[in-house]
Structures are given as structure tokens and as C-alpha cells.
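As C-alpha cells, the structure follows; a few thoughts come after it.
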Amino acid sequence: MLQKYYKLLNGKIERNFCILYRTIYIFYWRLEMSRITKHGKKMRLAYITATALTCAVLAVAFPWFKGLDNREYNYYVVEYNGEVVGAVGSVEEAEKAYLDARQQLVSNSDSKVYLDDNFTVTEKAQIVGSKDSVEVVQDRIYNLMSNAVIDVQKEVYVVDIDGLVITLDSLEDVTALLNASMKAFDENALFHAEVLASNDRCDTFVYNLVMAETDMQGAPTVMVGEDETGAIVETVQIGKDGVFSMNFKENITIATSYASNDEVWDINEAISTVTKETEEKEIYEVVSGDTLSAISKKFDLTIEQIIAMNDYLKDSDYLHVGDQIVVTVPKPEISVIVEEQQSYTENYDLPIKYVYNEKKYTTYSETLEEAVSGVRDVVAIVTYENGVETGREIIQETIIEEAKAAVIEVGTKTPPTYIKPISGGRLTSRYGWRTIFGERDFHKGVDWACPVGTTVRASSSGKVIKAGWGGSYGYYVLIEHADGSRTRYAHLSKILVKKGQKVKQGEKIAKTGNTGRSTGPHIHFEIIINGSTVNPLKYVDK
């Protein structure tokens, strides 16, 4: 704030009196001395005259000098940024000159002005001195203020897109940015953005993506009401096919602020940043051995994402060397959510019906009735995010041909656990059809080659029901388990258990050999469930 600077005259009233007396005396003495002749009496007369005049002047001036220490001088020197710009008669005049100059600077600019200035007013003990008018001092301050401007800020519009802040020059630029963001997903230019002042705060704005009125008339609507029981029900009024809704996924806020010119974005740069329209897609060329699974892992994508970026892959089961696959699409800063009504005819299937059988194992399943696809007319609301389908809701369907669900019987009984009967060994023959000794033969188990005398252990706990010679099996052991399943161990060199003996899982029961119909030292192992052999490798490690 402005300060008054007051300075009193040095010395006391007596000192002022003496100075005035001496001044007047010397003045008149010199005046009379100029008239003095060589006669001494005139010199004395001059002295007497000067003394008398001095006393007379002092008698008149003394009351004025006496009040000099208690008066204000009404003389104020004004400085702006260290430079004297004039003198005025009061602090109020100085303040007015400064404020008027500042108002003049603001009025001549359409922006917010920031100054680095220093304004002082100092009272001077000066009896005689010229003063300036308020207007003159104002002009001088205004001229110096131009050099004191450190920043000029204008009103701007700040668009915040989930943390990405873009400063634009006008509401027209804001609208252009929003329109450009949805352009790629609004091929028929059905929508446009409107930016309106918010009802909550005067410095904020809201936006709407508005559809042409004629097109809005075809949008589907949901009517809410009550049925005969009083329950709330929704009735969908079907509109016409096509896009009926468009919006942005991100939280976008718009507000006014102040910023310098170098902080304001060029509208073209803003559009390019938000839409990523100038960025290129990344293309991968298929090489020998590539699969969709391998490519998806390489680029940290899902197979579904790759197919969504490459439509032709939906109808193709194979990749070919040299195929060009899009693996990266630049993601815009603003995601556009589009809702579209679609009507179409499609085949459809009903969910599988399961029949549960507690007497069979969970590994068991059998189709009792085959599924039959049906045909229906569908009206659906399909949702897209940046052109990729993210949802599909059927709002109406008309059945043309009824579908029939498949009926599958499955077991619920927990199967026993099995372990590999030997440690190590090399798998030499799998379960299924094979050629042996020049003949086609169905192999009912698996074979592991191993040295003669390798320890054989019970694959699961149970009771030995056979132990001895078995023709082409050679020496073998057959164990029945608590659930009714059985395991067979064949081509043994030595049997360590007897019929009727109970054994635990992992207990020694025999030694491997090369007996019976055998092509070399090995063990033949079978698992029999419900009277039929099954593939042992579905139950034990190979």
C-alpha cells in the first residue's frame, strides 16, 4: 500500500529565527554599505537601519515560524519502479494516478495482465516547488507500465480427458475437437457435439453428442410399467435399424481458465494427439510355423483381439506365409461408444442338458440325445467401442424353427487315483491299434521297456484276484480296487503276492520280465473300468 513519508524541518524554532534574522541583517547591511561614503557616520546609520528593519520583519514572521514544525507540506514525490514520475499535492492524487494508469493498461488489452512493479509516494519538506496534475503523472506511469508487464494471459478453455489436459483458444475449438474424436466411428455424420454452459458453475461447461432429430425418431425406447400382478416390467419399443446412440467412455470436463499464448494448443495438434489419426498400425508378416496362438503371445494380445483387428481371420482357419496381420492399432485418447440396432436371421442352439449319474465316474460322459439347431429372427442392440464389438443384447426374437438341446449323461463319482507301476522306463507302445508280429492288433494297455527284475508296485490299493500264468500275458497279477475297477500287470519274471491278498498303493507286487508274447524286457499295464479297458495314460504319467 501507499505510504506517506513525512519529514520535519531540522532544528528548532529558535534556530529558524536566528537564520532569518541573520539573513535580513546581511541583506540590509550590504544595501546600505553601498551608499556609504568615507564618512563614518553614515556607516553607523546603516547599521541602525538594518537592525530596525530586521526586528520589524522578525516581529511579523515569528508566529509563522512557530507553527512550521506542526504543519504538512502538501508536496509528494511519486516514483514508479525507481523512476520519479512527478509530484502531486496528496497521497490520494498519487494513488488515483496509479490506479487510473493500471485501468488504462487493462482496458487496452483483452487479456489478463501481470506486472512486476513498485509504486511509492514520499512526502518532501519543500516550501516552494512545482506540482504535476494527476493526468500528467498517470500518463508517465502508464508509459513505464508497458515495460513492467511480465505475463499476458487470456481466457482459454481447458479440456481434461481423464488426466490429459488440453488448453484451447475457444469453444469452437472445443467443439471441433469433440467432433473430430467421433468422426472415424460416425461414417454417416449422424451426430454432432454441442458444448453448453453448466448450470452448476459459471466457469464450467457440459457437452452432448446430439443426433439429428429425424434420426432420433427411429431409436428404440424402453417403456416401464406394471403387469397384472403389479410387478415392474419393461417393454421395448423397436425402432429402425442403425446407430441410435454415441457417447464417450472417458470422463471429460471443460472449464474456463487463463493462460499465456504459448500454453494454448493448436487445434490441429490437439485433434492429432487425441485421435491418433496420424499414427500407423503395426503390421506383422506371417512366417513358417506361425500360429495365432504364438503371434498373440508374442505381442501380448489375445486371439480374439487379433481377430477383431483382422476381419478376414473370422472366416479363415489357416494362416499363410506372407499374410499381413495387424497387431497394433493406435488407441485414441477418447474412446467412442456406439450403440446400434440390428435385425437379422440366425441359427441358434439351446444350452446342453446334463443327466447326472452317481454310479459313474466324473471321467464318464455319453450323449443321449444330439442337439438340433433352430432358426430365429432377432432384433439386437450391439455395442461397439472404437469399432470393436463389446456387447450384444437381444431385445426381440421370433422363433422360425425350434432348437433342441443336446442331452448328455455324466458321472459324478470320484474315480480312484492311480500311479505308474514302475519307476522310470521308456514308453514303447501306447493304447490302441498297432501292428505286432505282422498282424493288426488292439493294444489294451501301455508298455514300458525296462530291465528284467525292475520292481513293480500296485497302482492303487485293492485285492489280488489273480496271480500266475496267463498265456500271452506270461506271468501276471490282476488287482481289483474298491470302486470295482481293475489293474493288470503282465510279462513278469517273478510274482511277490498271492490270490486274495490285500495290497496298498505303492506296495511291491512283482518283478518285471520278458514272459509270454513279448518282444523284449518290459511291463504291460492295463486299467479296466466297468469291464472295459481304458487308456492308462489318462490316469498316470507316461
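In the stretch 314-339, which residue that is modelled with pLDDT under 95, among the charged types (D, E, K, R) and surrounded by 15 or more Cβ atoms within 10 Å (Cβ to Cβ) is farthest from ASN530 (Cα to Cα)? Step by step, filter the stretch 314-339, then rank; the result is GLU333.
Residue count for the stretch 94-120 satisfying the condition of being surrounded by 13 or more Cβ atoms within 10 Å (Cβ to Cβ) and among the acidic types (Asp, Glu): 3. Residue count for the stretch 121-175 under the criterion of being hydroxyl-bearing (Ser, Thr, Tyr), buried (at least 19 other Cβ atoms within 10 Å of the Cβ) and either touching a Gly at 6+ places or on another chain (Cβ under 6 Å) or farther than 30 Å from VAL91 by Cβ (or both): the result is 1. Going residue by residue through the stretch 479-486, is there one that turns out to be in contact with a Gly (Cβ under 8 Å, 6 or more places away or on another chain) and either more than 25 Å from LYS413 (Cβ to Cβ) or in a helix (DSSP H, G or I) (or both)? Looking through the stretch 479-486, none of the residues is in contact with a Gly (Cβ under 8 Å, 6 or more places away or on another chain) and either more than 25 Å from LYS413 (Cβ to Cβ) or in a helix (DSSP H, G or I) (or both).
Among the residues making up the stretch 414-435, those that are hydroxyl-bearing (Ser, Thr, Tyr) and in a loop (DSSP other than H, G, I, E, B) are THR414, THR417, TYR418, SER423, TYR431.
For the stretch 77-94, what are the residues that are acidic (Asp, Glu), out of contact with any helix residue (DSSP H, G or I) (no Cβ under 7 Å at 6 or more places or on another chain) and touching a residue at least 12 places away in the same chain (Cβ under 8 Å)?
Result: GLU79, single match.
Within the stretch 435-454, being under 30 Å from GLY506 (Cα atoms) and surrounded by 10 or more Cβ atoms within 10 Å (Cβ to Cβ) holds for HIS443, LYS444, GLY445, VAL446, ASP447, TRP448, ALA449, CYS450, PRO451, VAL452, GLY453, THR454. Filter the stretch 261-301 for residues that are outside any loop (DSSP other than H, G, I, E, B) and in contact with a Phe, Trp or Tyr (Cβ under 9 Å, 6 or more places away or on another chain); which is surrounded by the fewest Cβ atoms within 10 Å (Cβ to Cβ)? So, considering only residues that are outside any loop (DSSP other than H, G, I, E, B) and in contact with a Phe, Trp or Tyr (Cβ under 9 Å, 6 or more places away or on another chain), the one surrounded by the fewest Cβ atoms within 10 Å (Cβ to Cβ) is LYS298. The residue that is nearest to ASP483 (Cα to Cα), counting only those in the stretch 387-413 that are in contact with a Phe, Trp or Tyr (Cβ under 7 Å, 6 or more places away or on another chain) and not in a strand (DSSP E or B), is ALA403.
Of all positions in the stretch 251-260, none carries a residue that is surrounded by 14 or more Cβ atoms within 10 Å (Cβ to Cβ), closer than 21 Å to MET309 by Cα and either in contact (Cβ under 8 Å) with a residue 60 or more places away in the chain or among the β-branched types (Val, Ile, Thr) (or both).
Considered as a group, the residues in the stretch 362-386 that are on the phi < 0 side of the Ramachandran plot and not in a strand (DSSP E or B) include one that is modelled with the lowest pLDDT, and that residue is THR363.
The values are calculated or read from the model by the stated rules, or taken from the named source; none is laboratory data. Bear in mind the structure is a predicted one, so any value in this text is a computation, not a measurement. We place every Cβ from the backbone using ideal geometry, glycine too, and count neighbours over all the protein chains shown.
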